[in-house]
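Visitor: My questions will all concern the structure given below.
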Amino acid sequence: LLDASNNIDIALYNLNNVLGIPVSTKLEPKAIIELIKPEIPKLEDLIKESKRNRSDLKSLDYRIKSGEAGITLSKAGWYPQLSLTANYLYANPNSRIFPSQEKFKGTWDVGLTLSYDIWNWKVTSYQTKQAEANLEQTKIAKELTENNIDLEVNQNYKSLLSVTAKMKLTQETVEQAKENYRVTNEKYKSGLLLNSEVVDAETSLLLAEINNITTIADYLIVIARLEKSIETTLK
């Protein structure tokens with residue numbers, strides 16, 4: 001009993017810490033676990049869903065596009081640079097007008113500049129290679145991330161299948177334990193069994209119910225992990 005009470009206190013402390021509320025807050029868990037079994041798609045569909053929704057993959061896609069643009073930008077050093085400038089001056093007096101007059105007048109000009117860097121000590125070449133290497137590194141990172149996501153979804157999916165089968169078994173065990181307790185108790189009332197056998201049947205029922213509740217909690221945790229790995233809610 002002391003160990004169980006201590007475990008409850010530690011669990012509440014950790015939960016309050018995760019929720020970001022004072023660790024001394026007293027929380028009352030639900031007496032009944034609301035079990036809603038969502039429809040589980042095929043593994044292939046879950047993997048496709050994760051590829052569409054995962055924010056880390058979307059981030060890498062943006063980085064790849066940025067890397068491709070970086071290569072294009074770094075290659076710009078190989079080509080001539082053409083610049084167009086224009087401005088308009090409206091002043092009193094306008095310094096561009098001779099002789100100077102004390103009244104507002106407007107003037108404008110347009111310029112076109114063509115420049116070409118003949119020798120830059122291979123700076124453009126090195127910048128291009130660096131941009132290409134950065135892009136290749138990002139593509140490899142995306143591939144590794146996709147492999148890790150596939151593994152994560154697969155593991156959570158297999159865990160879900162396992163805990164679902166286990167939950168069905170523990171529920172059947174509870175029903176059997178209830179029936180065993182009922183029969184044992186009736187025989188005890190008829191004087192056919194000792195009190196110790198009733199206590200044993202009651203203990204077996206209690207352990208079966210605890211095991212069933214633990215399995216249900218494991219099931220809900222696996223569902224949450226699977227939803228996290230595909231970044232969407234199962235319906």
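The values are calculated or read from the model by the stated rules, or taken from the named source; none is laboratory data. Everything numeric here is computed off the predicted structure, so don't read it as measured data. Please note: Cβ atoms are built from the backbone with ideal geometry, for glycine as well, and neighbour counts cover all protein chains shown. Note: areas computed on protein heavy atoms with side chains; ligands, DNA, RNA excluded. Shrake-Rupley method; radii C 1.70, N 1.55, O 1.52, S 1.80 Å.
Visitor: Residue check: is Asn120 in contact (Cβ under 8 Å) with a residue 24 or more places away in the chain and touching an Asp or Glu at 6+ places or on another chain (Cβ under 6 Å)?
Guide: Considered against the rule, which asks whether it is in contact (Cβ under 8 Å) with a residue 24 or more places away in the chain and touching an Asp or Glu at 6+ places or on another chain (Cβ under 6 Å), Asn120 comes out as no.
Visitor: A further question follows. Tell me the residue from Thr170, Thr184, Thr214 that is in contact with a Leu (Cβ under 9 Å, 6 or more places away or on another chain) and assigned to a helix (DSSP H, G or I), please.
Guide: Exactly one of Thr170, Thr184, Thr214 is in contact with a Leu (Cβ under 9 Å, 6 or more places away or on another chain) and assigned to a helix (DSSP H, G or I), namely Thr184.
Visitor: Could you grab me the full set of residues in region 104-149 that are of a type in the set (Lys, Arg), over 30 Å from Arg52 (Cα atoms) and modelled with pLDDT of 85 or more? Spell out the reasoning first.
Guide: At the first step, the residues of region 104-149 found to be of a type in the set (Lys, Arg) are 105, 122, 129, 139, 142.
Filter again for over 30 Å from Arg52 (Cα atoms), leaving 105, 122, 129.
The answer is Lys105, Lys129.
Visitor: Out of the helices (runs of 4 or more DSSP H) lying entirely within region 1-84, which hold 2 or more residues that are out of contact with any Ser or Thr (no Cβ under 9 Å at 6 or more places or on another chain), β-branched (Val, Ile, Thr) and loosely packed, with under 11 Cβ neighbours inside 10 Å?
Guide: It comes to 2-19.
Visitor: Oh, and also: Could you tell me which residue of region 181-206 is nearest to the chain's Cα centre (by Cα), considering only residues that are surrounded by fewer than 15 Cβ atoms within 10 Å (Cβ to Cβ), of a type in the set (Ser, Thr, Tyr) and over 20 Å from Gln171 (Cβ atoms)?
Guide: My answer is Ser196.
Visitor: For region 108-151, enumerate the residues that are open to solvent by less than 100 Å² (accessible area, probe 1.4 Å) and of a type in the set (Val, Ile, Thr).
Guide: Selection gives Val110, Thr113, Val123, Thr124, Thr128, Thr138, Ile140, Thr145, Ile149.
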